[in-house]
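Heads up: the structure comes next, in structure tokens.
The values are calculated or read from the model by the stated rules, or taken from the named source; none is laboratory data. Note that this is a predicted model, so its numbers are computed, not measured. We place every Cβ from the backbone using ideal geometry, glycine too, and count neighbours over all the protein chains shown. Protein only, heavy atoms only, side chains kept; ligands, DNA and RNA dropped before computing areas. Shrake-Rupley method; radii C 1.70, N 1.55, O 1.52, S 1.80 Å.
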Amino acid sequence: MSRVESRHEETRARLTMHILLIEDDTKTGEYLKKGLGESGYNVDWTQHGADGLHMALHTMYDLIVLDVMLPGIDGFQIIELLRARQDVPVLFLTARDQLHDRIRGLELGADDYLVKPFSFTELLLRIRTILRRGVVREADHFHLADLELDLVRRRVTRQQQVIALTNKEFALLHLFLRRTGDVLSRTQIASEVWDMNFDSDTNVVDVAVKRLRSKVDQPYPNKLIHTIRGIGYVCEVRPCGPDANPL
């Protein structure tokens, strides 16, 4: 494909991209809608947070450009409600350059953060980068039966009771919940959690699993971490049986 054909292909791809712009400032909103439209994107614009949230939840968008400071419901509230329902990419716009605001936005699930004033060229590059990358965000919360893991707050609960875990135990449980239903060999677990090659003479994995079970499984009738003899472990909901017993 020639460079000219490649540029034409990119333009055609952009024409299919649907962007929601939530920006309350009239001058900024008109400027961005016009500029993004001229750049080949299909843009819906609203100045109201509540309307923007409704549009985001009822229309399929490829990207949401979201101002933080909005009347009524602000950008932080919008993305928090949005992330409970879907995983559309979000680019935050804000006049506030405070570090804790940027951290809060990213923790809530923003894909990027642009501080006003900014150049339109930079905005366009950020948008293209996000759209090329797609959604690669890892889940922040994991649920299995009555067990919950909050990755951001590094908090584990079962039956709403907080369970204290060491860093390695937390990493091990995170791996199990990310791979629920998958049989994981000791070699896989050692590589993921300890970043090391598994030595068959080392029982570090079995010892760690036993300690984790004593905290998240032993006090409860429904066991979640099961031994697959001769192979490794699997984390899933199933009736307790011989394989569910600690080593």
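Which percent of the accessible area of the range 44-105 is formed by carbon and sulfur heavy atoms (probe 1.4 angstrom)?
Exposed carbon and sulfur together represent 53 percent of the surface.
Could you give each residue of the range 178-186 its phi-based ³J(HN,Hα) in whole Hz, using Karplus coefficients 6.51, -1.76, 1.60 with θ = phi - 60°, and x for Gly or Pro?
These are the phi-based 3J(HN,Hα) values: 5, 10, 3, x, 8, 7, 9, 6, 4 Hz.
Only Lys, Arg, Asp and Glu count, each charged at its Cβ (+1, +1, -1, -1), so figure out the dipole size of the range 140-184 about its Cα centre, rounded to 20 debye.
With only Lys, Arg, Asp and Glu charged at Cβ, the dipole is about 140 debye.
If you filter the range 53-120 for trypsin sites (Lys or Arg not before Pro), then keep DSSP loop positions with at most 11 other Cβ within 10 Å, what is left?
ARG85
For the range 99-106, take each phi angle, set θ = phi - 60°, evaluate the Karplus expression 6.51 cos²θ - 1.76 cosθ + 1.60, and give the result in whole Hz per residue in order, putting x for glycine and proline.
In residue order, the calculated couplings are 4, 5, 5, 5, 4, 4, x, 5 Hz.
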